[in-house]
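Here is the structure we will look at.
The values are calculated or read from the model by the stated rules, or taken from the named source; none is laboratory data. It should be emphasised that the depicted structure is a prediction, and the values quoted were computed from it without experimental measurement. Ideal geometry is used to build each Cβ from the backbone, glycine not excepted, and the neighbour counts take in all protein chains shown. To get the accessible areas, we keep the full protein, side chains included, count just its heavy atoms, and leave off ligands, DNA and RNA. Shrake-Rupley method; radii C 1.70, N 1.55, O 1.52, S 1.80 Å.
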Amino acid sequence: MPVLKTLLILICSTLSVAAAEPVNLNSLPSDLSVPEVTRGTPAPGQRVWQTNQGFEKTEIVHALYLPTDWRPGKRYPVIMEYPGNGGYHNALNDVSRGRVQDCKLGYGLSGGVGMIWVSLPFVDPKTGQHAVKWWGDPDATADYCKQTVARICREYGGDAENVILTGFSRGAIACNFIGLRDAEIAKLWKAMLPHSHYDGVRKWNYPDSDAASARQRLVRVGTRPQFISHEMSTQQTEAYLKESGVPGQFTFMALPYPNHSDEWVLKDIPQRSRAREWLQNIVQQTATD
C-alpha cells in the first residue's frame with residue numbers, strides 16, 4: 001500500500017504540473033492562412049506589392065490586400081500594420097524575420113473581409129531598403145506611412161475616418177514610436193492595436209526609447225482607443241500607463257500562451273474573438289459618428 005500511495009502521489013503531481021504549464025500556441029491548429037504577396041494588380045482577395053511615388057528607384061514597398069468583398073466606389077476601414085524585428089527565434093519555435101510580407105495581424109483580425117489591409121515598411125533611405133531590424137529612419141518611415149494612408153484612401157476607397165494602426169513586437173512599439181511621432185501622423189488613426197511590447201515600457205538600444213521620450217509621444221494619443229495585448233501578462237504596460245498620467249481609452253488582454261508571436265490571430269481562440277469584437281465596435285462607432 002505505501003508503494004501504491006507513493007505512485008499515486010507522483011502521478012497526481014505530474015498531472016498537476018502538466019496542467020499548470022502553458023500551452024504552446026504553435027501546437028494549436030490554424031483556421032486562416034495569410035495570402036502570399038504577388039506582383040499582380042490589386043483585386044479583391046489579392047495581396048500585392050506596391051511602390052509609392054518617389055520610391056521607384058528603391059526596394060522600399062508596401063503590401064496591399066483588398067478584402068474579398070471590395071468593390072470600386074465603396075469605402076472600407078483600413079488596417080495599417082508594422083512587422084516585428086528580424087533575426088528572432090526562441091525555444092518555442094517562434095520566429096520573426098522582420099519582413100513586410102510577414103505581417104499577420106490585419107488579416108487575422110479582419111478575416112480578409114470588410115477591411116483593406118496594408119503591411120508597411122520601415123524606411124532606410126541610405127540603403128533604399130526596408131529595415132528588417134528597428135526603424136531605418138523613423139521620420140522617413142512616418143512620412144512613408146502618411147503618404148501610403150493618403151494613397152489607399154484616394155485610390156482604393158479607404159475610409160480616412162476609419163484607419164487602424166497595429167503591429168507585433170517592434171511593430172507594437174511602432175504604434176506610438178512611429179504612429180504618434182508628430183501631430184500630423186497622430187491624426188490619421190481611429191484606434192491602435194499593439195501586440196507584445198509597448199513604447200516606453202522598457203529602454204531599447206535606439207535613441208528616444210526611454211520612458212520620458214515615450215510619454216511625449218503618448219500625449220498625442222488623445223482619446224484614440226488602444227487595444228493592448230501581450231503574452232501571459234499586460235501588467236508592465238498597465239503600470240507604465242498608470243504612471244504616465246495620460247488619460248486614454250486603454251483595453252488590455254493577456255494571452256494565456258508564452259509565445260512571442262502574432263500567430264494567435266490565425267487561430268480560432270477566444271482572444272482573437274475578443275480582439276475582433278473590439279475592432280468591429282470601433283468600426284461601428286465610426287459608421288454612426
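Of all residues in segment 101-121, which are touching a strand residue (DSSP E or B) at 6+ places or on another chain (Cβ under 8 Å), aliphatic (A, V, I, L, M) and within 17 Å of PRO42 (Cα to Cα)?
MET115, ILE116, VAL118, LEU120 - these are the residues of segment 101-121 that are touching a strand residue (DSSP E or B) at 6+ places or on another chain (Cβ under 8 Å), aliphatic (A, V, I, L, M) and within 17 Å of PRO42 (Cα to Cα).
Just one of VAL149, VAL163, VAL123, VAL132 is touching a helix residue (DSSP H, G or I) at 6+ places or on another chain (Cβ under 9 Å), surrounded by 20 or more Cβ atoms within 10 Å (Cβ to Cβ) and either within 24 Å of ASP208 (Cα to Cα) or without any contact (Cβ under 8 Å) to a residue 12 or more places away in the chain (or both); which is it?
On inspection, the qualifying residue turns out to be VAL123.
Based on what the data block shows, is LYS133 closer than 30 Å to SER27 by Cα, of a type in the set (D, E, K, R) and touching an Asp or Glu at 6+ places or on another chain (Cβ under 8 Å)?
no
Need a quick list: strands (runs of 3 or more DSSP E) entirely within segment 90-199 having at least 1 residues that are over 18 Å from TYR65 (Cβ atoms).
158-168, 191-195
Just one of SER110, SER169 is polar (S, T, N, Q) and buried (at least 23 other Cβ atoms within 10 Å of the Cβ); which is it?
On inspection, the qualifying residue turns out to be SER110.
If the Cβ limit is 6 Å and pairs must be 6+ apart or interchain, which residue in segment 207-230 that is under 19 Å from LEU193 (Cα atoms) and in a loop (DSSP other than H, G, I, E, B) pairs with which residue that is at pLDDT 95 or above and open to solvent by less than 60 Å² (accessible area, probe 1.4 Å)?
Within 6 Å, the pairs are ARG224/TRP189; ARG224/ALA191; PRO225/ALA191.
What number of residues within segment 172-189 satisfy the criterion of being of a type in the set (Gly, Ala, Ser) and open to solvent by 10 Å² or more (accessible area, probe 1.4 Å)?
Total meeting the criteria: 1.
Can you tell me which residues in segment 96-120 are hydrophobic (A, V, I, L, M, F, W, C) and in contact with a helix residue (DSSP H, G or I) (Cβ under 8 Å, 6 or more places away or on another chain)? Before you say what the answer is, go through the steps one by one.
Step one: filter segment 96-120 for residues hydrophobic (A, V, I, L, M, F, W, C), giving 100, 103, 105, 109, 113, 115-118, 120.
Once the filter is applied, which keeps residues that are hydrophobic (A, V, I, L, M, F, W, C) and in contact with a helix residue (DSSP H, G or I) (Cβ under 8 Å, 6 or more places away or on another chain), segment 96-120 yields CYS103, LEU105, LEU109, MET115, ILE116, TRP117, VAL118, LEU120.
Can you tell me which residue is farthest from the chain's Cα centre (by Cα) among those in segment 45-86 that are among the acidic types (Asp, Glu) and assigned to a loop (DSSP other than H, G, I, E, B)?
Ranking the candidates gives GLU56 first.
In segment 59-76, which residues are surrounded by 15 or more Cβ atoms within 10 Å (Cβ to Cβ) and under 20 Å from ASP102 (Cα atoms)?
Selection gives ILE60, VAL61, HIS62, ALA63, LEU64, TYR65, LEU66, PRO67.
Could you tell me whether ASP94 is closer than 21 Å to PRO35 by Cα, at pLDDT 95 or above and of a type in the set (Asp, Glu)?
yes
Among the residues of segment 39-77, write down those that are of a type in the set (S, T, N, Q) and touching a strand residue (DSSP E or B) at 6+ places or on another chain (Cβ under 6 Å). Talk me through it step by step, then tell me what you get.
Let us first name the residues in segment 39-77 that are of a type in the set (S, T, N, Q), namely 41, 46, 50-53, 58, 68.
Matches in segment 39-77: GLN50, THR68.
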